[in-house]
1. Residue by residue through segment 49-82, note down the ones that are within 10 Å of the chain's Cα centre (by Cα) and not hydrophobic (A, V, I, L, M, F, W, C).
2. Residues being small (Gly, Ala, Ser), modelled with pLDDT of 95 or more and within 22 Å of Ser101 (Cα to Cα): count how many of those fall in segment 25-69.
3. List every residue pair whose Cβ atoms lie under 8 Å apart, where the two residues are 6 or more positions apart in sequence or sit on different chains, the first residue falls within segment 83-108 and is over 10 Å from Glu6 (Cβ atoms), and the second residue, located anywhere, is open to solvent by 70 Å² or more (accessible area, probe 1.4 Å) and assigned to a helix (DSSP H, G or I).
Amino acid sequence: QVELVESGGGLAQPGGSLRLSCAASGSSRYIYAMGWYRQAPGKQRELVARITSGNTFNYADSVRGRFTVSRDNAKNTVYLQMNNLKPEDTAVYYCNAQILSEFYWGQGTQVTVSS
């Protein structure tokens, strides 16, 4: 079992930046991959960015070059640095952790990009 606690969401202006953090506890030593998904109103949840224990990265095309995912294994924490934010980035962002075929989710944090 893994517990995920997110922080760092909020309101940003277009072109601004935010940094999300997600701390894992419990059976975190067995985590293979951690990352971020988002869900906007009326849309399906989608992958934003993901990093594996072997440092393989996956990014959605819509955020590549603007968002950076990183992981601090010593702190069992994954980060999402979001730069040059756009209104279409507005969504609830969920932290995700994978252990074998099991996926765990955080409670979600709202990111709103608006002037």
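1. The answer is Arg50, Thr68, Ser70, Tyr79, Gln81.
2. The total comes to 3.
3. From segment 83-108, the pairs are Ile99/Tyr30; Leu100/Tyr30.
The values are calculated or read from the model by the stated rules, or taken from the named source; none is laboratory data. Here the structure is a predicted model, which is why all the values come from computation and not from measurement. Every residue, glycine among them, receives a Cβ derived from its backbone with ideal geometry; neighbour counts consider all protein chains shown. Only protein heavy atoms, including side chains, enter the accessible area calculation; ligands, DNA and RNA are left aside. Shrake-Rupley method; radii C 1.70, N 1.55, O 1.52, S 1.80 Å.
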